[in-house]
Each structure stands twice: as C-alpha cells, then as structure tokens.
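Q: Encoded as structure tokens, here's the structure I'll be asking about.
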Amino acid sequence: MSESPPRLVTAVILVAAGSGQRLGYGMPKAAVPLGGEPILMHSLRGIVASGVATQVCVALPAGDQGLRQLCDDFRGELADGGPLLSLVEGGSTRADSVRAGIAALMEGIEAVLVHDAARALTPESVFHRVSDALAAGADAVIPALPVVDTVKTVAATAGEGAAFAPEVVTGTARREELRAVQTPQGFRIDTLLQGHQAAQSLDEEQSAAVTDDAMLVEMLGTSVHVVRGSTQSLKITTPLDLIFAEGLLEGPLGARWVEG
C-alpha cells in the first residue's frame, strides 16, 4: 500500500464576521453560545484538533473587542506549539473577509482552507479529506453531501396565475447531480489568489451572485473536486439550526470526530 503524499503547508481562513441577525441574539453569530461556549470557540478547537493548519487567520466583525479577546485567550491553549493565530477585521461581504484573511497569510503557505465559523461542529475527518485531496494534486476541493430533497426551479407567476400563487415551477433538477456544499473549501494558494483577483472586475450584481470561493475558481475554468462532507457540518444560521447543533453536542454523536 502506497503512502499518502505529504500535506501542503496550510492556512485556514475562518470567516467569523457575520452579524447573526437571523439567530436573534443581538450579537455577532460567532459570539452566540453553543453548549456553554461561543460558536467561535467550537470552530477554533475543531480546526486545531484536525492538525491541518500551520496558521489560522480569523476574520472578525470590525471593532468587536469581545471576540478579539476570546481569540487572545485561546492563544493560551496553543502554548504547546499549535498553529499561528492571526486576527483580521472582516469586510462588509464574505469575499471581503476572505481577502482580508489572504492579506494576512504568512510566507510559505501553499494551500488555504476557507471555513465558516458557523459550521462549528465540522468533524476533523472533513478537514483531512480536503487537505489530502489538495496534497494529491487537486487545485480546488470542496466537501459536499448528496441532496435528498427534490429541487425545482421556479419563476414569478405572470398573468392570471398570480392570483393562485406567487411562483410557478419551470423545471425539476436531476437530484443525482446535485450536492449541498459545505466548508472548509480548500485551494492551492495561487488558485485562490487568482479567483479573488478576477472577482475585482465583477459588477455589483455579479458579485452578489457569488456565494462561495469555489464559484470564483469555477469562473477561472479550474476544476473543483468534491469530497464527502458530513451531516455534522450543518451551518448554524437560524434558531432551529442552533437547536440541532445543541442536540449533536448532547446526543450520542457528541464529539465531532465520531462521524466521518
């Protein structure tokens, strides 16, 4: 059995600048409590536990001293030689936050994993699958799960039909070809840089249509490879998501590494 290729020198950009308005706590999403600790702490511990990162760059809400202090305190847990922890102020959009993280990367970084702090319970195995695919030669890798729901495309209802319902079905997507995409999304550093440089030429409408870093790389014509994600990698966006995440922490799955 051949040995796996060595992993690339990797940084993780942790996007934690979201407002969290839909959670209804009146605080940034990364500060919302989950299992007695802020969401951000679960995310940071998961990244460090995976062992893939030489550097972790956290994009925080501009001017948020509370989350900055949490990160400073977390450095105490890294006294045994963990990754370099860097803090940057996030921007008004996710892409702006990622670019702020890119600007703070240390020299020698070969690959970058962009991860949402809201996916706080992502198992270590997902980080490993993404990192291993990059080490094997991929330029871009995303974790994803098959879509189990039937997905239809719709359009605004026109004419008399508007009295029945606001939308009408225009088609049904082939479920076998659909995947629900998660993070961390991994890229060779040059690939990610090229994607974000190309994004500078997009107009406002085009920029708004870009929902993840993989889309920027796809626009370059670069192949984006897919590895298996995890049901534990749910994105905590609504109060119901938070309930599910609490259940994962308290239930039989418990620790993030139980599920592959």
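Q: Taking 7 Å along the Cα-to-C-beta vector as the label spot, tell me the Val169-Val154 distance in nanometres, rounded to one decimal.
A: 1.2
Q: What's the carbon and sulfur percent of the range 41-80's accessible surface, probe 1.4 angstrom, rounded to a whole number?
A: Numbers: 760 of 1600 Å².
Percent of accessible area from carbon and sulfur atoms in the range 41-80: 48.
Q: Still on this model: Show me the ranking of peptides 69-78, 158-167, 234-243 by mean Cβ neighbours inside 10 Å, starting with the highest.
A: Values: 69-78: 13.6, 158-167: 9.2, 234-243: 15.7.
Packing order, densest peptide first, comes out as 234-243, 69-78, 158-167.
Q: Stick to Cα atoms and the Kirkwood definition of Rh, then tell me Rg/Rh for the chain. Show your work: numbers first, answer last.
A: On the way: Rg = 19.1 Å, Rh = 19.4 Å.
Using Cα coordinates only, the ratio equals 0.99.
Q: Something else about it: Calculate the spin-label point distance for Arg75 paired with Lys235, positioning each point 7 Å from the Cα along the beta-carbon direction, and give it in nanometres.
A: For Lys235 paired with Arg75, the spin-label model returns 3.1 nm.
Q: Now, a different point. Just the number please: accessible area per residue for the chain, 1.4 Å probe, all protein chains included, in Å². Let's see the in-between values first.
A: Values: 13080 Å² over 260 residues.
For the chain, the solvent-accessible area averages 50 Å² per residue.
Q: Quick one: with all protein chains in place, what share of the accessible area of the range 146-201 is carbon or sulfur, to the nearest percent (1.4 Å probe)? Please report the intermediate quantities before stating the final value.
A: Working: 2020 of 3750 Å².
Solvent-exposed carbon and sulfur of the range 146-201 make up 54 percent of the total.
Q: So what's the angle, to the nearest 10 degrees on a 0 to 90 scale, between helix 94-103 and the longest Cα principal axis of the chain?
A: With both axes taken from Cα atoms, the answer is about 30 degrees.
Q: With a Förster radius of 25 Å, plug the Cβ-Cβ distance of Glu110 and Met215 into 1/(1 + (r/R0)^6) and report the FRET value to the nearest 0.05.
A: Numbers: r = 22 Å, r/R0 = 0.89.
Here the calculated transfer efficiency is 0.65.
Q: Against the 2.2 N^0.38 Å scaling, with N counting residues, where does the range 37-118 land? I'd like the Cα-based Rg ratio to two decimal places. Let's see the in-between values first.
A: Numbers: Rg = 12.1 Å, N = 82, 2.2 N^0.38 = 11.7 Å.
The value comes to 1.03.
Q: Which order, highest average first, do 126-137, 37-48 follow once you tally other Cβ atoms within 10 Å for each residue and take the mean per peptide? Display every interim value, and only then the final one.
A: On the way: 126-137: 20.2, 37-48: 22.7.
Top of the packing list down: 37-48, 126-137.
The values are calculated or read from the model by the stated rules, or taken from the named source; none is laboratory data. These figures come from a predicted structure and were not determined experimentally. In this analysis, Cβ positions are derived from the backbone assuming ideal geometry, glycine residues included, and neighbour counts consider all displayed protein chains. When the accessible area is computed, the model is the full protein with side chains, heavy atoms only, and any ligands, DNA or RNA have been set aside. Shrake-Rupley method; radii C 1.70, N 1.55, O 1.52, S 1.80 Å.
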